[in-house]
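Heads up: the structure comes next, in structure tokens.
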Amino acid sequence: MAKKILIVDDEVNITKVLASRLNASGYDSAVAYDGQEALDKVEAEKPDLIILDLMLPKIEGYRVCRLLKFDKKYQHIPIIIFTARAQPYEKTMAESVGADAYITKPFEPDILLKKIDELLYPKHEG
Amino acid sequence: MEIKDGPGEDLVKEIESLKSKCEKAQAELKATKEELEVQAWGLNKTNEAIKVLYKELENKNRELKKLDDMKNEFINTVSHELRTPLTTIREVIAQFLEGILGETTSEQKEFLRICLEDVDRLKRLIDDLLDTSKLESGKFSLVMEWVDIAGLAKGVIDSFSPRARVRNLEIKKDLPGIKLMAYADRDTIVRVFTNLIANAFKFTDTGHIEISVADKPEYIECFVSDTGKGISEEDLPKVFTKFQQFGRREDVKEKGTGLGLSIVKNIIDLHKGKIWVESKLNTGTKFTFILPKSSQG
Ligand SMILES: Nc1ncnc2c1ncn2[C@@H]1O[C@H](COP(=O)(O)OP(=O)(O)OP(=O)(O)O)[C@@H](O)[C@H]1O
Ligand SMILES: [Mg+2]
């Protein structure tokens, strides 16, 4: 069965092209446009991986990440922080809330797909 | 006997004249004193004025600095905002070309490829502007690590081989068979090689492009040379200045902005290295740079 990826981003255009790219690479996708919806969708969709933007309406990305990583039910789901905030300290912040990877926008599909593959199939690694 | 006022009268006159002289002198003195006072007051005023002007100049300076910071901040923000929609556009075009979004005819593909090329050009321009503004505001932070410069150069050269084939230019590489480690920022050194080799391609019609990486005791010496149109003696000192482009532009197929070499120079400077250029019109150009193996040493 195809792995399911939850895309959390309030920019509709990005979620659309990203979903299309993920589907073409053989993944199922689900989308949430704000932090609250993200938490709801995690419960409803049981994704295998989450791509998470930081600047989200309602609940901020970091908080979403922390909430999920502190929840025994969901902490195993890999989270990729995917953000336009490129300050050096952000990466450290991402690590401190338990994110599994940190990728800066703009969207470079190759880098993102590679990271997804690494996180979903860790045994494939060198 | 006639009483003469004689000497007595003279004396009185003399005294009177002296008195009037004295009064005059006193008046003059008073005038001079007043004059001096006026001057002192004036000097004081001038002094104050200078102080005010100095303050103003200081403020202006601070304002200018602030404006410069704002300009850089502005370019930073704008570049970032521009890149986000641009990458979405690029991704959509790429997905069309890959057939992910349905079939396209070969003619449509041709035009999509044109879009992709120009989107990439725009992206490069934005990246260059962003880097220039970061470099100028001193906000460019290097991520230093031990990097194999020879391996890195090989990677960049390989990425140019399709272009060499299309342009029918030979790439000669003189790389050591072993790793050459330097403490450097990988991405920016890739940038240096990419910009120099891209220039060599841009300004060379026939012949070859040569890239060399060599080990020296304290540093690593690299060069990129070509057999292209060269740079005149007069233009040579200006090559590392931003927005400087020379020669007839219509000859150049790939248009640039004139930021490439200024970024290269800034990166090499940040690594405490050196870069220089030798060139002869219609014969060729050689850019050489040295990178300290460890910038502490
Ligand atoms: N290898 C070369 N041969 C001949 N001229 C060169 C060479 N490299 C640079 N120049 C000259 O120096 C100018 C500045 O180079 P620079 O790389 O800064 O700008 P550019 O290549 O024109 O644009 P950009 O790099 O921003 O795309 C060029 O426009 C060209 O006139
Ligand atoms: Mg250039």
Fill in the blank from the handout: Per the 1/(1 + (r/R0)^6) rule, R0 = 51 Å and r from the Cβ atoms of residue B:208 and residue A:60, FRET efficiency to 0.05 is 0.40
Fill in the blank from the handout: Expected output for segment B:87-113, residues with a loss of 30 Å² or more in accessible area relative to the chain alone at probe 1.4 Å, reads B:87, B:88, B:91, B:95, B:100
Practice task
Please compute the Cα-Cα pair-distance distribution of the protein assembly as shown with 20 Å bins starting at 0, giving whole percents from short to long.
Solution key: 19, 40, 22, 7, 6, 5, 2, 0
Practice task
Please turn the phi angles of segment A:12-24 into ³J(HN,Hα) values with the Karplus equation 6.51 cos²θ - 1.76 cosθ + 1.60 (θ = phi - 60°), one per residue in order, whole Hz, x for glycine and proline.
Solution key: 4, 4, 5, 4, 5, 5, 5, 4, 4, 5, 5, 4, 5
Problem - Cα-based helix-to-principal-axis angle, B:6-97 vs chain B, degrees rounded to 10 - result: 10 degrees
Completion exercise
With every protein chain in place, the residues of segment A:100-115 shedding 30 Å² or more of accessible area versus the chain by itself (probe 1.4 Å) are A:106, A:107
Practice task
Determine the per residue accessible area of segment A:4-120 with all protein chains present and a 1.4 angstrom probe, expressed in square angstrom.
Solution key: 47 Å²
Practice task
Rank these residues by their accessible area, most exposed first, probe 1.4 Å: B:179, B:216, A:4.
Solution key: B:179, B:216, A:4
Practice task
Would you mind working out the accessible area per residue for chain B, using a 1.4 Å probe, and quoting it in Å²?
Solution key: 65 Å²
Handout entry: In the A-B interface, the accessible area buried, summed over both sides, Å² (probe 1.4 Å)
Key = 1100 Å²
Completion exercise
Rounded to the nearest 10, the angle in degrees between the Cα long axis of helix B:149-167 and the longest principal axis of the Cα atoms of chain B comes to 70 degrees
Practice task
Please work out the Cα center distance from segment B:16-90 to segment A:53-104, rounded to the nearest Å.
Solution key: 53 Å
Practice task
For chain B, set up a Gaussian network in which alpha carbons nearer than 10 Å are linked by springs, and say which option among B:44, B:76, B:282 fluctuates the most.
Solution key: B:44
Problem - When each of A:58/A:115; A:3/B:134; A:3/B:123; B:66/B:242 is checked by Cα-Cα distance, pairs over 29 Å - result: A:3/B:134; A:3/B:123
Handout entry: Proximal aspartates and glutamates relative to residue B:19, as straight alpha-carbon distance under 16 Å, when same-chain residues fewer than 8 apart are discounted
Key = B:9, B:10, B:28
Fill in the blank from the handout: Probe 1.4 Å, all chains present, heavy atoms only: residue B:62 accessible area in Å², nearest 10, is 140 Å²
Handout entry: Between helix B:106-136 and chain B: long-axis angle, C-alpha atoms, 0 to 90°, nearest 10
Key = 40 degrees
Fill in the blank from the handout: By the C-alpha gyration tensor axes a ≥ b ≥ c (rounded if a/c is under 1.5, else prolate when a/b exceeds b/c, else oblate), the shape of chain A is rounded
Completion exercise
Taking protein heavy atoms only, a 1.4 Å probe, and rounding to whole percent, the accessible area of chain B owed to carbon and sulfur comes out at 57 percent
Fill in the blank from the handout: Of the convex hull enclosing the alpha-carbon atoms of segment B:170-247, the direction-averaged projected area in nm² is 6.6 nm²
Practice task
List, in the order given, every pair from B:55/B:238; A:91/B:293; B:229/B:293 whose Cα-Cα distance in the structure shown is over 31 Å.
Solution key: B:55/B:238; B:229/B:293
Exercise for the section: Taking amide H positions as placed in the peptide plane 1.01 Å from N, state which residues far from residue B:220 in sequence (5 or more) or on other chains have amide H under 5 Å from it. Expected result: B:291, B:293
Handout entry: Contour minus Cα-Cα distance for residue B:41 and residue B:235 (0.36 nm per residue)
Key = 64.2 nm
Exercise for the section: Give the carbon-plus-sulfur fraction of the accessible surface of segment A:4-120 in %, rounded to a whole number; probe 1.4 Å, heavy atoms of protein chains only. Expected result: 50 percent
Fill in the blank from the handout: Accessible-area order for B:219, A:62, largest to smallest, probe 1.4 angstrom, reads B:219, A:62
Handout entry: Max mean-square fluctuation residue, GNM over chain B, Cα-Cα springs under 10 Å, options B:47, B:199, B:168
Key = B:47
Problem - Accessible area of residue B:171 in the full protein assembly, 1.4 Å probe (Å², nearest 10) - result: 40 Å²
Handout entry: Residues of segment A:1-41 buried by at least 50 Å² on assembly (accessible area, 1.4 Å probe, chain alone as reference)
Key = A:17, A:21
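The values are calculated or read from the model by the stated rules, or taken from the named source; none is laboratory data. This is a predicted model, so every value here is computed, not measured. Cβ atoms come from the backbone with ideal geometry, glycine included; neighbour counts cover every protein chain shown. Ligands, DNA and RNA are stripped out before the accessible areas are found, and what is left, the full protein with its side chains, is counted by its heavy atoms. Shrake-Rupley method; radii C 1.70, N 1.55, O 1.52, S 1.80 Å.
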